[in-house]
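Shown next, in structure tokens, is the structure this report addresses.
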Amino acid sequence: MVIGGGMAGVSAAAHLAPHGRVTLIEAESSLAYHTTGRSAALFVVNYGGHGTRPLAAASAGFFADPPEGATDAPLLTDRGLLWIADGTRMDALRTIAAEPQPAGYETVLVDAATALEMVPRLRPDRVAGGLIEPQARDIDVAGLHQAFVRVARRHGSEIATSSPVTSIRRDGSGWQVITRGDTFTADVVVNAAGAWGDTVAALAGVRPIGLEPRRRTAFMVPGSSDFADWPFVIDVDHLFYFKPDGVQILCSLAEEEPDEPGDPRPRMEDVALAIERINAVTDLDIRTVNSQWTGLRTFAPDGELVIGEDPEQRGFYWLVGLGGIGIATSPAYGSLLASLVTGARLAPELREAGVDPQLLSPARFRETVAG
Ligand SMILES: Cc1cc2nc3c(=O)[nH]c(=O)nc-3n(C[C@H](O)[C@H](O)[C@H](O)COP(=O)(O)OP(=O)(O)OC[C@H]3O[C@@H](n4cnc5c(N)ncnc54)[C@H](O)[C@@H]3O)c2cc1C
């Protein structure tokens, strides 16, 4: 039983489905309505803590070569990422440049002239240098989500929408999961409820992890097909980012403001501040917003993903705390979860990338009690 139909839930279902009967339950009338449908769709490996980072690199093989019939178009397209800094923050760029990279990935420090060549609308007096991550790519998020749904369905999984889980009870060694209209039984429950992870745990009498949902607002402004080759541009202090998206530009304030689980709406002042900052470093002169949205990026207290069985509740698995990287890491975390549920050895790509299940296990939040 997988609770939640965002990227976490469908990846879990796709990876578990070959090993047993899987039902996925989603509260909303459509899947991917919450955070998964609101991302910036970037694949990067240089993001998150030591436990999380290997998951993106371990996902690259799936993106390049998805299961037969799961997709109609490539899941990744070239983009590249360009960090920018003014003269006072070049040391911060060098700090990022010094971080170790997974095999096959690199970061390259560039001078201001190169950064301006890549994005000619940057203001020369505001950019002293850049750092490029050439292997960053755009992800077809809808295509990826659909790929997991297809694989799950092909193996006989059932997907129930408009079915908020309201109660979870022990049933022998397994669980009884109750929605508004149905009662399901399951040996294993996977909590993939995103911002509601601790809420769903409470329904089952499982202690919370201390998940923190944080707002992030994005919006589209008019652009041009002439900008199509620009990289994803991000300020070294995460004060804003932007990237071309068709004939529009996707922009964000890159804010991380704590909020409650829910369906947040953009705040005018956040959009205005992002526009002010982007207009200060470019000559784009943004004045119009075509569309805007806010999503909740949900973090565990230590910022690492939380994947695995709760040591205090047999058969209750967590797949939460995906923060700002839950799209790019989805093939690997689904694979890891399935290995933990079935007791199988980790897939070769996870081992090669150095994925360490201990660093991601919910047990790290239970040690004080266990010890
Ligand atoms: C602006 C923004 C930019 C981002 N950019 C990137 C990026 O470039 N790259 C990247 O990898 N990641 C990015 N992310 C992060 C990424 O979107 C998330 O990590 C990921 O979508 C989280 O997926 P999820 O399945 O955990 O959560 P969700 O998509 O929120 O899914 C959780 C689901 O659980 C359901 N649910 C909750 N409670 C119940 C219940 N009681 N019963 C049944 N169902 C329930 C909810 O309805 C929801 O559909 C970004 C996020 C934002 C907001």
Output for Cβ contacts, cut-off 7 Å, separation at least six or different chains, first residue more than 23 Å from residue 40 (Cβ to Cβ) and of a type in the set (Ser, Thr, Tyr) in the stretch 81-105, second part of a loop (DSSP other than H, G, I, E, B) and modelled with pLDDT of 95 or more, reads none
Among (1) in contact with a Gly (Cβ under 7 Å, 6 or more places away or on another chain); (2) not assigned by TED's automatic domain parsing to the domain that holds residue 253, residue 128 falls short only on (2)
The strands (runs of 3 or more DSSP E) lying wholly within the stretch 243-335 that contain at least 3 residues that are within 14 Å of the ligand (Cβ to nearest atom) and buried (at least 17 other Cβ atoms within 10 Å of the Cβ) are 248-252, 291-299, 316-320
In the stretch 20-62, residues that are among the polar types (S, T, N, Q), crowded, with 19+ Cβ neighbours inside 10 Å, outside any helix (DSSP H, G or I) and within 10 Å of the ligand (Cβ to nearest atom) total 1
From the option list 123, 137, single residue qualifying as touching a Phe, Trp or Tyr at 6+ places or on another chain (Cβ under 6 Å) and not acidic (Asp, Glu) is 137
Residues in the stretch 63-110 that are surrounded by fewer than 15 Cβ atoms within 10 Å (Cβ to Cβ), under 22 Å from residue 347 (Cα atoms) and aliphatic (A, V, I, L, M) total 2
Note on the stretch 15-30: residues charged (D, E, K, R) and under 24 Å from residue 195 (Cα atoms) are 26, 28
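What residue, of 190, 177, 200, is part of a helix (DSSP H, G or I), within 14 Å of the ligand (Cβ to nearest atom) and either free of Cβ contacts under 8 Å to residues at least 60 places away in the same chain or buried (at least 17 other Cβ atoms within 10 Å of the Cβ) (or both)? Don't jump to the end; show me each part of the working.
Working: 190 fails: part of a helix (DSSP H, G or I); 177 fails: part of a helix (DSSP H, G or I).
Step by step, each of 190, 177, 200 is checked, and only 200 is part of a helix (DSSP H, G or I), within 14 Å of the ligand (Cβ to nearest atom) and either free of Cβ contacts under 8 Å to residues at least 60 places away in the same chain or buried (at least 17 other Cβ atoms within 10 Å of the Cβ) (or both).
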- Does the stretch 140-162 include one or more residues that are closer than 25 Å to residue 65 by Cβ, of a type in the set (Lys, Arg) and in a strand (DSSP E or B)? no
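The values are calculated or read from the model by the stated rules, or taken from the named source; none is laboratory data. As the structure is a prediction and not an experimental result, all values here were calculated from the model. Positions of Cβ are backbone-derived with ideal geometry, glycine not excepted, and every protein chain shown enters the neighbour counts.
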